[in-house]
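Trainee: To start, I am sharing the structure in question, which I have written as structure tokens.
Here, each number is a calculation from the coordinates, and none is a lab measurement. It should be emphasised that the depicted structure is a prediction, and the values quoted were computed from it without experimental measurement. With ideal geometry, Cβ positions are generated from the backbone for all residues, glycine too; neighbour counts draw on all protein chains shown.
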Amino acid sequence: MTIKFKVIKESKKTKARLGKLYTSHGIIDTPVFMPVGTQATVKAMTPRELEDLSIQIILSNSYHLYLRPGHNLITQAGGLHKFMGWKGAILTDSGGFQIFSLGKLNKISDEGVSFNSHIDGSKHFISPEKAMEIQMALGSDIAMVFDECAPYPYGKYQVETAAQRTIQWARRCKEAHHSPNQSLFGIVQGGVFKDLRIENANKLVELNFPGYAIGGLSVGEPKSLMYEVLDYTVPCLPINKPRYLMGVGAPQSILEGVARGVDMFDCVLPTRNARNGSLFTSSGKLSITNAKYKEDFTPLDNKCKCYTCRNFTKTYLRHLYMSKEMLASILGTIHNLYFMSSLMKNIRLALSEDRLLEYKEEFLANYLD
Ligand SMILES: [Zn+2]
């Protein structure tokens, strides 16, 4: 089946909403944070651990899976869910963002993008049609249109060209996409320019996608600008469709996004930070390799009930990180994903009791970056 979305409750004081996203791989409570499983694995986690952390949906990257092991091999394996042993839902990105940020670009034209692989330098060409072929082969629950994201800092002309091309490509993606078990989301581009964002969102909404993402943010612009863009972009999107803010995962930004009406988020931040020893706690981020934790026999976060915090001390965790043990990444990731999962649960609880603003203020007062 394709996805269905239901708004359960709308916040009175903010634009936030509580919702449910129905997929053939489970019902997802929104607002939701999606951990990133770049290469068909959320690094350092088994699918069972993700389930234990109440993760309902993950994101995987088409660009990486297309280059290695190849989307056709994944089809042969029975699709991405079966290939990676994940029973929950999967959203795949279109590969556009990675091609523009990782690949060695040769040429962008209206036809598509030619680039060299960041792995072996081999030559590739991805068009909107090819991006649909790859994602249909992967068999994710939600696919994304192929879009062009102008690199920041940018000029208005550059952003306008990319935004117009994104609309043309969205139209072609919609024509090429035919899968009864996958839903295709559109992506709004337009940088930090109000007129471009509104025009882009309106044109995209005319194409009638089952969900809409806001792309091209969190690419280096100041956070205040990102929030401004959300203030005028989100109201252009239909209220009965899910809204997804791409590449945003800092707890503060998630709270600001939710208050502005965003339902879905993804980011490598919690998992990447975990591997680098940067751990989220109720009082802010903590760098576990800091010498002050050498003889700290207390848990990472007294308020956290995750496996890591219930069983290990900061002294032990620091030791694992200092000696570059595999378990460091595992325990750190369990904690950071538990933190994100709890944050989203608390946000949903606050929304159901109509006290999101109070929760947001309380969280931000304690959480020092
Ligand atoms: Zn913990």
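Trainee: Compute, for the stretch 1-152, the length of the dipole vector about the Cα centre, with Cβ point charges of +1 (Lys, Arg) and -1 (Asp, Glu) only. Units Debye, rounded to 20. Walk me through the numbers on the way to the answer.
Mentor: On the way: 17 positive and 14 negative charges, 113 e Å.
So the dipole magnitude of the stretch 1-152 works out to roughly 540 debye.
Trainee: Using a simple charge model, +1 on the beta-carbon of Lys and Arg, -1 on the beta-carbon of Asp and Glu, nothing else, what dipole does the chain show about its Cα centre, in debye to the nearest 20?
Mentor: Charge dipole, the chain, about its Cα centre: 500 debye, nearest 20.
Trainee: With an 8 Å cut-off on Cα pairs and a minimum separation of 6 or more residues, tell me the relative contact order of the chain in percent. Write down the numbers at each step before the final one.
Mentor: Working: 725 pairs, mean separation 63.6, N = 369.
Normalised by residue count, the contact order of the chain is 17 percent.
Trainee: Could you give the dipole magnitude of the stretch 80-156 about its Cα centre, charging the beta-carbon of Lys and Arg +1 and that of Asp and Glu -1, in debye to the nearest 20?
Mentor: The calculation lands at about 220 debye.
Trainee: Excluding residue 151 itself, what net charge comes from residues whose Cβ is under 15 Å from its Cβ, given Lys and Arg +1 and Asp and Glu -1?
Mentor: -1
Trainee: Still on this structure, please answer the following. Once the dipole of the chain is set up with Lys and Arg at +1 and Asp and Glu at -1 on Cβ about the Cα centre, which of 77, 190, 289 lies farthest towards its positive end?
Mentor: After comparing all options, I get 289.
Trainee: Which residue, 151, 88, 322, has the largest displacement toward the positive end of the dipole of the chain when charges sit on each Cβ (Lys, Arg +1; Asp, Glu -1)?
Mentor: About the Cα centre, the residue reaching furthest to the positive side is 322.
Trainee: Helix-only mean residue ellipticity at 222 nm, the chain, DSSP H runs n ≥ 4 weighted -39,500 (n - 2.57), per residue, nearest 500. What is it?
Mentor: Value at 222 nm, helices only: -12500 deg cm²/dmol.
Trainee: For the charge dipole of the chain, defined by +1 on Lys and Arg C-beta atoms and -1 on Asp and Glu C-beta atoms about the Cα centroid, which residue among 208, 45, 237 has the Cα displaced farthest towards the positive pole?
Mentor: 45
Trainee: Count the net charge of all other residues whose Cβ sits under 13 Å from the Cβ of residue 117, scoring Lys and Arg as +1 and Asp and Glu as -1.
Mentor: After counting each charged neighbour, the total is +2.
Trainee: Let me ask something additional. Filter the cross-link list 241/303; 4/203; 9/285; 87/305 down to pairs whose alpha-carbon distance in this structure exceeds 28 Å. The partial results should precede the final answer.
Mentor: On the way: 241/303 35 Å; 4/203 22 Å; 9/285 31 Å; 87/305 25 Å.
Check vs 28 Å cut-off fails for 241/303; 9/285.
Trainee: Here is a follow-up. Taking the Cβ of residue 314 as the center, what net charge do the other residues with Cβ under 12 Å away carry, scoring Lys and Arg +1 and Asp and Glu -1?
Mentor: 0
Trainee: Same structure again: Compute the relative contact order of the stretch 1-119 as a whole-number percentage, counting only Cα pairs closer than 8 Å that sit 6 or more residues apart in sequence.
Mentor: Over the stretch 1-119, the number comes to 18 percent.
Trainee: If you don't mind, there's one more thing I want to ask. Using a 10 angstrom Cβ neighbour count of at most 13 plus a DSSP loop assignment to flag exposed trypsin sites (Lys or Arg not before Pro), which longest range of the chain is free of such sites?
Mentor: 88-293
Trainee: Using only the alpha carbons of the stretch 185-259, determine the length spanned along each of the three principal axes and report them from longest to shortest in whole angstroms.
Mentor: 31, 23, 17
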